[in-house]
Amino acid sequence: QVQLVESGGGLVQAGGSLRLSCAASGSTISINRMAWYRQAPGKAREFVGIISSGGTTNYAGSVKGRFAISRDNARNTVYLQMNSLKPEDTAVYYCNAGTGNTMPYWGQGTQVTISS
């Protein structure tokens with residue numbers, strides 16, 4: 001089993017920045033891909049971005065150029081740097097992890113609120 005714990009959420013004004021962290025523990029050898037998703041009130045959970053164990057990243061079009069994912073393999077931690085934040089980025093952000101196309105592990109989520 002793998003446990004994921006997100007941190008770093010909060011309230012920030014539009015145009016500001018936040019950095020989220022997701023620390024993995026447990027059987028971390030079983031994961032090589034880590035991703036971020038978000039869910040706004042009344043909306044479905046949506047993909048934000050993903051990073052492989054080798055550092056290859058992919059992002060949703062809505063955040064490309066503003067968000068960046070990085071990882072510290074030694075600490076089993078993945079980061080989501082969010083810049084130029086917009087009110088529409090307001091959501092609960094979730095960390096997701098797994099191997100290949102099997103990504104069964106989820107964190108509890110962290111709230112990000114962007115004020116206009």
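The values are calculated or read from the model by the stated rules, or taken from the named source; none is laboratory data. Small disclaimer: the values here were computed from a predicted structure and weren't measured. For neighbour counting, all protein chains shown are included, and Cβ atoms are generated from backbone atoms with ideal geometry for every residue, glycine included. Each accessible area value is taken on the protein alone, full model and side chains, heavy atoms only, with ligands, DNA and RNA left out. Shrake-Rupley method; radii C 1.70, N 1.55, O 1.52, S 1.80 Å.
Could you tell me what percent of the accessible area of the chain is made up of carbon and sulfur, with a 1.4 Å probe and every protein chain present? Can you show the working numbers first?
Working: 2800 of 5840 Å².
The nonpolar share, carbon plus sulfur, comes to 48 percent.
What's the FRET efficiency of ASN73 with SER7 using the Cβ-Cβ distance as r and R₀ = 25 Å, to the nearest 0.05? Rounded to the nearest 0.05, the efficiency is 0.85.
Based on the Cβ-Cβ distance from ALA14 to MET103, what FRET efficiency comes out when R0 is 35 Å, to the nearest 0.05? The computed FRET efficiency comes out at 0.70.
Out of ALA60, LEU18, ALA40, whose Cα points farthest toward the positive end of the dipole of the chain (charges: +1 Lys, Arg; -1 Asp, Glu; placed on Cβ)? Working it through, the farthest residue towards the positive pole turns out to be ALA60.
Kirkwood hydrodynamic radius of the chain from all distinct Cα pairs, in Å?
14.0 Å
Remark: spin-label model distance ARG66-SER53 equals 3.3 nm, labels positioned 7 Å along the Cα→Cβ axis.
With the other protein chains left in place, how much accessible area per residue, in square angstrom, belongs to the chain at a 1.4 angstrom probe?
Each residue of the chain exposes 50 Å² on average to a 1.4 Å probe.
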